[in-house]
1. Being more than 9 Å from chain A (Cβ to nearest Cβ) and of a type outside the set (S, T, N, Q): is that true of B:ALA72 here?
2. Within the bounds of region A:49-68, is there any residue that is without any contact (Cβ under 8 Å) to a residue 24 or more places away in the chain, in a loop (DSSP other than H, G, I, E, B), within 12 Å of another protein chain (Cβ to nearest Cβ) and among the acidic types (Asp, Glu)?
3. Would you say B:MET60 is within 14 Å of another protein chain (Cβ to nearest Cβ), assigned to a loop (DSSP other than H, G, I, E, B), of a type outside the set (Gly, Ala, Ser) and open to solvent by less than 40 Å² (accessible area, probe 1.4 Å)?
4. How about region A:2-56: which of its residues are open to solvent by 30 Å² or more (accessible area, probe 1.4 Å) and on the phi > 0 side of the Ramachandran plot?
5. Pairs, please: C-beta under 7 Å, at least 6 apart or cross-chain, first residue within 7 Å of chain B (Cβ to nearest Cβ) and in region A:101-115, second surrounded by 19 or more Cβ atoms within 10 Å (Cβ to Cβ) and of a type in the set (Ser, Thr, Tyr)?
6. Can you tell me how many residues in region A:23-44 are more than 12 Å from chain B (Cβ to nearest Cβ), basic (Lys, Arg) and outside any loop (DSSP other than H, G, I, E, B)?
7. Please state which of the following conditions A:LYS110 fails to meet, knowing it meets all the rest: (1) at pLDDT 95 or above; (2) part of a loop (DSSP other than H, G, I, E, B); (3) open to solvent by 30 Å² or more (accessible area, probe 1.4 Å).
Amino acid sequence: AQKVTQAQTEISVVEKEDVTLDCVYETRDTTYYLFWYKQPPSGELVFLIRRNSFDEQNEISGRYSWNFQKSTSSFNFTITASQVVDSAVYFCALSEAGGSEKLVFGKGTKLTVNP
Amino acid sequence: DARVTQTPRHKVTEMGQEVTMRCQPILGHNTVFWYRQTMMQGLELLAYFRNRAPLDDSGMPKDRFSAEMPDATLATLKIQPSEPRDSAVYFCASGLVLGGALDEQFFGPGTRLTVL
C-alpha cells in the first residue's frame, strides 16, 4: 500500500534562512507521481509541483527546489532565502498509476518563518 | 484562470440537519475528489468520481454521507443527518487523469462546516 511520511511536524526558521522539508514515500508501483501542496493560513491548498517516477532530475522554480531520490524514496522540498509569506503547512502526496490514481497525503509540515 | 468553486464557503448548522455542499470542477477535468480535513485526522479522501461515475467511496461513512455528480459541472456531498463530529473543512478537488496517471489536481477553497 502507498504511504507518505513527513516526519517533521513543525519547523521554525528566521527569514532568509534556507529550509528543507522532508518527504519519504512507500509504493510497490514502478510508475507513480509525487506532488507538493502548500496550505497557507487562509486555508486553500495550492498546487506546487508534480513529478513522475521516471524523472529524477531536480527541479528549481525561483526560491523553491525539489530533490527526488528514488534510492532513498524521498522527494524533499527546499525553500531558499525563506520569507514570512512562506509560512504555511506543506503537504507531500503520492499517486500510483494504472487504476488507483487517488492522492495519498502525508500529515504535513507546518513551516513558520519569523521576521 | 480556471478554478474549482465550492459553495457554501462556511456553514453552521445544528445536529440532525441535512447539509449539502457543492463543487464545480474545472472544465475539461475528468475526475472529482472529495476530501475532509480535521486537525486530528489530517486530509482524508472521502470519495472520487471519474467521468461522473463513482470510483471509490470507501472513505465515506455510508450511513449518513452521500456523494453524487448529477452532471459534469456539479458534484455534491450530502450529510444527513449531520453530527458534531462532522465538523471539518471539506475540500473538492478537480483532476485530470490521462493514460492511467493523475496529471494534475487542483483544490477548491473548501467548505468550513460546523455542526452544533
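1. Values: more than 9 Å from chain A (Cβ to nearest Cβ): yes; of a type outside the set (S, T, N, Q): yes.
Answer is yes for this residue.
2. No, region A:49-68 has no match at all.
3. Values: within 14 Å of another protein chain (Cβ to nearest Cβ): yes; assigned to a loop (DSSP other than H, G, I, E, B): yes; of a type outside the set (Gly, Ala, Ser): yes; open to solvent by less than 40 Å² (accessible area, probe 1.4 Å): yes.
Considered against the rule, which asks whether it is within 14 Å of another protein chain (Cβ to nearest Cβ), assigned to a loop (DSSP other than H, G, I, E, B), of a type outside the set (Gly, Ala, Ser) and open to solvent by less than 40 Å² (accessible area, probe 1.4 Å), B:MET60 comes out as yes.
4. A:LYS16
5. A:GLU101/A:SER95; A:LYS102/A:SER95; A:LYS102/B:TYR48; A:LEU103/A:SER95; A:GLY108/A:TYR90
6. 0
7. Failing condition for A:LYS110: (2).
The values are calculated or read from the model by the stated rules, or taken from the named source; none is laboratory data. All figures in this text were calculated on a predicted structure; none of them were measured in a lab. Ideal geometry is used to build each Cβ from the backbone, glycine not excepted, and the neighbour counts take in all protein chains shown. The area values use the complete protein model at the heavy-atom level, side chains included, leaving out ligands, DNA and RNA. Shrake-Rupley method; radii C 1.70, N 1.55, O 1.52, S 1.80 Å.
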